[in-house]
Each structure stands twice: as structure tokens, then as C-alpha cells.
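First the structure, in the form of C-alpha cells, and then the observations on it.
The values are calculated or read from the model by the stated rules, or taken from the named source; none is laboratory data. These numbers were taken from a predicted model, which means no experiment stands behind them. Reconstructed Cβ throughout: ideal geometry from the backbone, glycine too, with neighbour counts over all protein chains shown. The accessibility values were calculated without ligands, DNA or RNA, using every heavy atom of the protein model including side chains. Shrake-Rupley method; radii C 1.70, N 1.55, O 1.52, S 1.80 Å.
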Amino acid sequence: MDTTVRDLSQKQGSALISVENLHAGYGKIEALHGISFHVEQGEIVTLIGSNGAGKSSTLKALMRLAPPESPTVTSGEIRCKGQSLLNVEPHNVVDRFKMTLVPEGRHIFGNLTVMENLHLAAWTRKNEDTRKSLDHIFGLFPRLAERARQRSDTLSGGEQQMLAVGRALMTNCSVILLDEPSMGLAPVLMYDMFRTLKRLNDSGLTIVVVEQNARLALEVADRGYVLDTGEIVAEGSGEELMRRPEIMEAYLGG
Amino acid sequence: MLSLSGLWSLPCNPTASAQPMEQFIQQCVNALQWGSFYALIALGYTLVYGVLRLINFAHGDIFMVGAYISFFVSTFFLSSSGPALSRDLALALTIPCTVVLTSGVGVTLERIAYRPLRRKGVHRLYVVITALMCGLVLENGNLALLGASRKALPDLLDKHIYMISGIAVTNLKLIVICTALLVFFALHFIVTRSRIGMAMRAVAWDEFALPLMGIPLDRVIVFTFMLGSGIAGLGGMLFAMSYPVLDPYMGAMTGWKAFIAAVVGGIGDIRGAFVGGFLLAFVEIMVAAFLPSTFRDLFAFSILLLILWKRPTGIFGMPMSTKI
Ligand SMILES: Nc1ncnc2c1ncn2[C@@H]1O[C@H](COP(=O)(O)OP(=O)(O)OP(=O)(O)O)[C@@H](O)[C@H]1O
Ligand SMILES: [Mg+2]
């Protein structure tokens, strides 16, 4: 494990996002014990690991979200485009660094309509080009177009997930972190979602995805990291990780 | 109802049948004015609660501060050693100055008292207690600074009384009622149509996700306090114009009642604050008109209790979900 960590740190010069020896926790309890990883421009990177491994904590720390929902960084470094994010407020991570998160559990604004959710997400943008983004999102998720005027808490779980992803796209970010985007989706919709993510990636979006269905995630991802109780225990390309029997056994259910 | 009263007062024996009706309508007009004050304060309670789930118990005292600010500002504008403006001009300038300065006080309170607590992620209970203490500080700070002598707002408006089929309506009453209505519609528009209003509603639902849209949470919260306090300042000024004797505790009781009005209307819902304010005033004034005045609060609050007993979340309140 030590060698993989050192290997990574050599590549960090050019990485879009690089995390170095990050320690973070909730109050006195440390959840991330010095993790290091990097994400290159245009990649799909996946973080996998069992429940409580620290996947969501990692994404929330990247976004610089505030406690108590998110961990506080105690040491280490998070860089985006070479600049430290540690003292950046979360809305500025979106506004200046063009990175956003589709959080675990969707967190859509249920008291707003689908359209209002999408409009709100365009907060940092000029009015002119939101129309085009809307068409793009409705093209990806036609169901959202049908329900544009509906209060979003009346959507089905899957539709809410589409809205959560659509909303993230509406921010016009170039990096999107997704925390379990397939949660609650029927298998067909799950594959649809990943196909959509792949398409977005092909058009230039950088994606970091946390996924319970590790096999699916590794199939789509360029590279993956395996987390275990706050530490990175393995990394490699999707195929590599899937070929390693001990990983298959421990995290992918054989 | 007004046209009905017209019919009643036209026939030849007005004294016998028209008087109770006229008296009733007269009381209604008074209730509308009184309710406007409650509504203007209740809107601020409901806005802050709707967005932050925080009962800002200092809000009644912000109303008091608004009244005092209007006193100082208008006295300054009228003073012969100062700009010595005409009364109309002084009035026209005092309104925006009072609104802006009072919202400044509200925002300052948020900045120095509530925000640090919010940052630390403490339980809401402590923020509410802090708000209560802030209110006491405002009251007693005022007492310490200005002493117990009561101030009287200078006359800013020539009073006209219009008699409409036996009912006396002053221009000030009309101004108060119209202002309350205007504020309500403006606020309703902001909350339902504007982007910042959308963001306010979004915070009410899910504060966590707001920054993920690139929206600064603090800015939305400051805007909420600005709106609420500015409206309370306007209410304070109109109150001072209607009852021109100011004292440091004027916001306490009125504030509590407005808070109750907001709860009865369904706290978190701006229609609720509005309706609740008028309802409370109506009940109070009708009880006072037809029963000994010592019964007023007893009856008024018993009726409100009954309403809450039937509808615990208030008239417009829905359990938790649809605030603001
Ligand atoms: N808000 C919180 N307050 C305190 N501790 C937390 C909080 N969120 C997570 N933790 C703790 O941090 C550790 C990592 O949690 P995290 O949510 O990052 O796991 P995860 O890998 O996303 O798990 P899952 O697959 O179940 O979503 C867990 O031990 C959890 O108990
Ligand atoms: Mg998680």
C-alpha cells in the first residue's frame, strides 16, 4: 500500500484534482486517515469500499462543505488546478473551480418545482446560455421535461435522481462528484444513468463517482480507488482492480 | 359589508338601526390598522423561521428600534440646526432611512450573535435563547442610553379625517393598511418569483445542498434578515406615527403578540403571518369593544388557543414540509 501512495504523489504535478495525505474527521473522530489520490482532466474515477469506509466523507471534504454534516480537514492538502481548496468556501468551489457534488440522498429542493430546481442551479451563470443547458438536460432526461412544472418532492425516486444529476449539470461545472447516483434506481435505469455519465464524460466532463455497485462503476471508470476504514488500500484501472481476486472478494461480493 | 352599511345609514332613522352596524365597521377599520402592525412584525418572524427554523425573539425589539430610528431620523431632518426640511420631504426621507437603518440592525444582530453559533453547528435552542437575550440587550441598552423619558415622534403628516357614511377613517389609517397590503404583495412576489426568493425557499428545505449550486448561504440568510428587519422598521415608524409615544418596551408585548399571530397563521407561511396578524387584532378589538377591557387579552388568547387546538400547525401551516 505504501508504494502505491508514493507512486501517486509523483504524478500530482499536472493533476486536475490532487489530494495529499488528507486527514479529516467529525469532531474528535477521524474518518479519513491520510488518503492521497488524484483525478486527471477528462477522467472517470471511482471510489469504492464498504459502508462507512469514508467515500462520502472524501467527496464532502473535496467540496469544502461545512460541519456538522461534513468532516473537518485536520491535515493534508486538497488541490484543484494547482490551487489549494482548503480555505475556499463551498459555493466558491462551484463558482471558481467549477466542481460540484451530487450528494448521497439527492438533496433536491422538494418544495420547488423541477424547473425552479434547475434555474436555481444556474445561479452563477448568465441568463443567455441556461436555455441551451436546459435543452441539453431535458435531452438526457426526457422525463424531467414532462414534469417541469411539478413540485419535485412528488417525483419518483429515480426521477429525483435524474433531477439531482441534471441540477449538477446546470451549474455548468467541469468536474462533477457523484455520490451513489444509482441509489434507488431499477437495474435498467441504473445502466441508463451510467451510460449517460459515460456520454457526458465523452463530451469532456470529469467525473468522480462513488458507487455501491462496484462492478458497474469499475466497468465505466478509467481508474478506481478502494477505500477501507478511511485509508486507500488499492488503486488501479478498472480492469486491473476487477482482476484482483482479493478485491473482488472483499468489495465486489466475489 | 361597506355597501350594506351605506344602505343602512341612508334611510330616515339612522340612530336606531345604523349605529351598532356603524360601530362594528368602525371597529373593523381600527382592527385593520392594528392588524397591519401585527402583520408587519409577524412577517419578519415568519420569514426568519421559514428560512432558518429560528424563532428570532429579538424581532419585537427590532420593531422598537425601528420606531426610535424613525424618531431620530425625522427629528434630525426637521431640526432647524440641521437640514430643516419641510415636513413632506422629511417624511419622504425618513421612510427609506428607517427601513435601511433598521435592516442594518437586524443584519448586525445576525452577524455578531447568530452566525457564530450557526458556524459552530450548535443546537437551535441556544440560538433562540441568544435571540431572547439580544432582545433584552436592545431594550435595556435603549433604556440605558436614552433614559426612561418617553420620546414623541414629531408630526410628519397632517391628519385628515374622512367620514364615509358615518365611519371615521384617517389618512394615516389608510396609509398603514395600504402599506401592510403592499408589503405583503411585494414580499409574496419576492418569495415566489425572484431568484433570491427561490433560494430562500431552497434553504428552508435543504440548507446542505445550497452551496452545491454555487449559492452563498450567508448571503441568502443576510437577505432574509434584511427583509424581515426592514419591514419591522417600517412597521415601527408607522406605529410611532399613529401612537407617537415611544418607550423601550413598546416592542416586547407587541412583538410577543405578533409572534403568536404568526404561529396561529402557521409560522413559516407569509400568508399565515398576514392573516394571523389581522385575526389577532380583530379578536382583540372586538373583545375590547363589547366587553370590559380587562377581558381583552384573556379572551383574545383563549380564542387563539382554541384555533391552535384545532389546527396545531396554524391556519396555513402544513406539517413541516411547505414553509415559506
Ligand atoms: N455527519 C457525521 N457525523 C459524524 N460522523 C460521521 C458523519 N458522517 C459520517 N460519519 C462517520 O464517518 C465514517 C465514514 O462515513 P462515510 O459517510 O464517509 O462512509 P461511506 O463510505 O460513504 O459509507 P456508505 O457506503 O454507507 O455511504 C463513518 O464511520 C461514519 O460513522
Ligand atoms: Mg456514503
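Taking Cα atoms only, the orientation of helix A:2-11 departs from the longest principal axis of chain A by about 60 degrees. In straight-distance terms, cross-link reach from B:K173 covers every one of the aspartates and glutamates whose alpha-carbon lies under 16 Å from its own, apart from those fewer than eight places away in the same chain; here that gives B:D155, B:D158. To the nearest ten degrees, helix A:157-170 and the longest principal axis of the Cα atoms of chain A are 90 degrees apart. Calculated FRET efficiency, B:D218 to B:L93, Cβ-Cβ distance, R0 = 25 Å: about 0.25 to the nearest 0.05. Close amide H contacts of A:A234 (hydrogens built in the peptide plane, cut-off under 5 Å, sequence separation of 5 or more or a different chain): A:V226. Using a 1.4 angstrom probe on protein heavy atoms only, the contact between A and B buries about 2400 square angstrom of accessible area, both sides summed. Here the peptides A:148-157, A:16-25, A:167-176 are ranked by packing, the mean other Cβ count within 10 Å, and the order with the highest first is A:167-176, A:16-25, A:148-157.
Beyond 21 Å in Cα-Cα separation lie the following of the pairs A:K60/A:K198; A:K81/A:K126; B:K151/B:K257; A:K28/A:K55; A:K126/A:K198: A:K60/A:K198; A:K81/A:K126; B:K151/B:K257; A:K126/A:K198.
A crude spin-label estimate for the pair B:R150 and B:L298, with each label 7 Å from Cα along the Cβ direction, gives 2.6 nm. Among the protein heavy atoms, those of B:Y243 account for about 90 Å² of accessible surface (1.4 Å probe, every chain in place). Taking the average, over residues, of other Cβ atoms within 10 Å as the packing measure, peptides B:272-285, A:28-41, B:54-67 rank B:54-67, B:272-285, A:28-41 from highest down.
Residue-wise HN-Hα couplings along the range A:112-122, as the Karplus relation 6.51 cos²θ - 1.76 cosθ + 1.60 with θ = phi - 60° gives them from phi, are 10, 6, 4, 4, 5, 4, 5, 4, 4, 5, 8 Hz; Gly and Pro carry x.
Residue ranking by accessible heavy-atom surface, 1.4 Å probe, largest first, among B:S70, B:S81 comes out as B:S81, B:S70.
Accessible surface for the protein assembly as shown, divided over its residues, is 43 Å² per residue with a 1.4 Å probe. Of the complete DSSP H runs in chain B, those spanning 27 angstrom or more by Cα along the long axis with a mean Kyte-Doolittle score not below 1.0 are B:59-78, B:87-109, B:124-146, B:171-193, B:217-242, B:270-290. Potential lengthening of the chain between A:R149 and A:R131 amounts to 4.9 nm, from the contour at 0.36 nm per residue minus the alpha-carbon distance.
With the simple spin-label model, which puts each label point 7 Å out from Cα in the Cβ direction, the B:V100 to A:T196 separation comes to 4.8 nm. Here is the P(r) of the protein assembly as shown: all C-alpha pair distances, binned every 20 Å from 0, give 19, 41, 27, 12, 2, 0 in whole percents. Taking every residue in A:167-180 and counting other chain Cβ atoms within 10 Å of its Cβ, the average works out to 1. Peptide A:44-55 shows a mean partner chain C-beta count of 0 within 10 Å per residue C-beta. Residues in the range A:58-89, backbone N under 11 Å from the label point at A:N21 (7 Å along the Cα-to-beta-carbon vector): list them, ranges by number please. Counting only backbone N, you get A:75-77. For A:V208, the residues whose modelled amide H falls within less than 5 Å of its own, excluding neighbours fewer than 5 places apart on the same chain, are A:V45, A:I176, A:L177, A:L178. With a 1.4 Å probe and every protein chain kept in, tell me what percent of the accessible surface of the range B:24-310 is carbon plus sulfur. Whole-percent figure for carbon plus sulfur exposure: 72.
Counting, for every residue in B:199-210, the Cβ atoms of other protein chains within 10 Å of its Cβ and taking the mean gives 6.
Distance from a point 7 Å along Cα→Cβ of A:D222 to each backbone N in the range A:24-40: keep the residues under 12 Å and list them by number. Inside the label zone: A:38-40. Looking at the range B:108-211, which trypsin sites (Lys or Arg not before Pro) are DSSP coil and have at most 10 other C-beta atoms within 10 Å of their C-beta? When the trypsin sites (Lys or Arg not before Pro) of the range B:108-211 are filtered for loop state and at most 10 Cβ neighbours within 10 Å, B:K159 remain.
Taking the helices alone, chain B has a mean residue ellipticity at 222 nm of -24500 deg cm²/dmol, built from -39,500 (n - 2.57) per DSSP H run of at least 4 residues and averaged over all its residues. B:L145 exposes around 150 Å² of accessible area when a 1.4 Å probe is run over every protein chain in place.
Estimated from the Cβ-Cβ distance and a Förster radius of 45 angstrom, the FRET efficiency linking B:I175 and A:E69 is about 0.45.
Each Lys or Arg adds one and each Asp or Glu subtracts one; over the other residues with Cβ under 9 Å from the Cβ of A:G224, this totals -2.
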